[in-house]
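Working notes, beginning with the structure itself.
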Amino acid sequence: MHTCSCCTAGPRLVVFTGGPGSGKSTLIGRLGLFASEEAGRAIIQDQVAIGGFALPWKDVELFAELMLSHELRSYRLAASREGTVVFDRGVPDIAGYLRLEGRQVPAHVDAAARSFRYHRTVFVAPPWPEIYENDAERKQTPEEAERTYASVSSAYLDYGYELVELPRVPVEERVAFVLRHLRRA
């Protein structure tokens with residue numbers, strides 16, 4: 001396992017994961033902390049804009065590679081900042097995504113998930129059908145969102161993280177819940 005100075009920032013880098021449409025991005029936006037953008041959404045927007053093929057409905061492996069590149073860059077940028085940085089998904093999400101799609105997790109993705117470490121506590125947003133909505137980038141059904149939640153949660157557990165499930169409550173209460181946990185950590 002490699003250890004570079006950027007990979008030792010983990011304790012102040014906090015990940016939020018879960019299925020799509022479960023309120024992660026809205027919550028992150030209300031925390032008042034520096035946050036990385038979600039790799040998958042950014043890549044989909046860019047690839048659609050340029051007519052690219054690195055899309056989950058066109059080329060799963062290429063999409064995963066671009067997500068990995070995006071996540072590693074986001075990690076390095078966050079590691080150079082002071083204070084807590086929150087992530088709308090992290091490197092282990094890519095392993096979870098590949099498993100969900102029935103693909104093998106390549107050795108380099110596994111190595112990245114083992115080397116680029118975040119805070120040991122990962123916040124996971126459970127499926128929440130009452131708030132789930134599709135949009136230009138989110139095309140999954142609620143059932144696919146549930147399978148995504150299960151797959152990414154399993155990946156984080158496999159990589160040694162502890163999951164804290166976010167309550168299905170209004171965003172202000174979720175913010176208070178997260179801030180309480182972060183203060184204790």
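Tabulated values for the structure
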| item | result |
| --- | --- |
| Tyr97 within 18 Å of the chain's Cα centre (by Cα), at pLDDT below 95, closer than 13 Å to Pro20 by Cα and part of a helix (DSSP H, G or I) | no |
| Flag for Val60 being on the phi < 0 side of the Ramachandran plot, buried (at least 22 other Cβ atoms within 10 Å of the Cβ) and either at pLDDT 95 or above or over 11 Å from the mean Cα position of the chain (by Cα) (or both) | no |
| Residue in region 21-42 that is surrounded by the most Cβ atoms within 10 Å (Cβ to Cβ), counting only those that are part of a helix (DSSP H, G or I) and polar (S, T, N, Q) | Ser25 |
| Matching residues in region 21-57 - criterion: being β-branched (Val, Ile, Thr) and more than 16 Å from the chain's Cα centre (by Cα) | Val48, Ile50 |
| Check on Gln45, of a type in the set (S, T, N, Q), touching a residue at least 40 places away in the same chain (Cβ under 8 Å), farther than 26 Å from Val175 by Cα and surrounded by fewer than 17 Cβ atoms within 10 Å (Cβ to Cβ) | yes |
| In region 79-93, the residues that are aliphatic (A, V, I, L, M) and within 8 Å of the chain's Cα centre (by Cα) | Val91 |
| Complete set of residues in region 73-89 that are in contact (Cβ under 8 Å) with a residue 40 or more places away in the chain and either farther than 21 Å from Leu55 by Cβ or in contact with a Cys (Cβ under 8 Å, 6 or more places away or on another chain) (or both) | Tyr75, Arg76, Leu77, Ala78, Ala79, Ser80, Arg81, Gly83, Thr84, Val85, Val86, Phe87 |
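The values are calculated or read from the model by the stated rules, or taken from the named source; none is laboratory data. Just so it is clear, the structure is predicted and the values come from calculations on it, not from any experiment. Methodologically, a virtual Cβ is constructed for each residue, glycine included, from the backbone with ideal geometry; neighbour enumeration extends over all protein chains shown.
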